Amino acid sequence: MDDFRKYEAMRDNGASPSDVYYHARTDGIDSVSMIRMLRKIFNLSLLEAKEITVGTSSQTTPSLNESQEKLAPALEKALKKYDDEAQ
């Protein structure tokens, strides 16, 4: 999806990136397109756009860093298991 006029109009009427993300999500826009849209119409970095998508989509995961930190123990466990099996 490359036609972001609806969301540009929302921005022009004062909607925040989170508001626009919420509406795009309810419109069924896929997550990659939403990140592209947020970056384009709000001039955000990739990290800033990802922060909005993670923070808006889940009340329990307020930031991208926290979300990624929660993955670390599971990844470490999986790597240890892989290493143990490889020996």
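So, in region 1-42, how many residues would count as being in a helix (DSSP H, G or I), aliphatic (A, V, I, L, M) and crowded, with 16+ Cβ neighbours inside 10 Å?
8
Screening 71, 38, 46, 79 for residues that are more than 26 Å from residue 4 (Cβ to Cβ), out of contact with any His (no Cβ under 9 Å at 6 or more places or on another chain), at pLDDT 70 or above and of a type outside the set (Ser, Thr, Tyr) leaves exactly one candidate, 79. Residue-level analysis places residue 45 outside the set of residues that are under 11 Å from the mean Cα position of the chain (by Cα), among the polar types (S, T, N, Q) and loosely packed, with under 15 Cβ neighbours inside 10 Å.
The values are calculated or read from the model by the stated rules, or taken from the named source; none is laboratory data. Since the structure is predicted, the reported quantities are computational estimates derived from the model, not experimental observations. Neighbour counts are summed over all protein chains in view; Cβ atoms, including those assigned to glycine, are modelled from backbone coordinates with ideal geometry.
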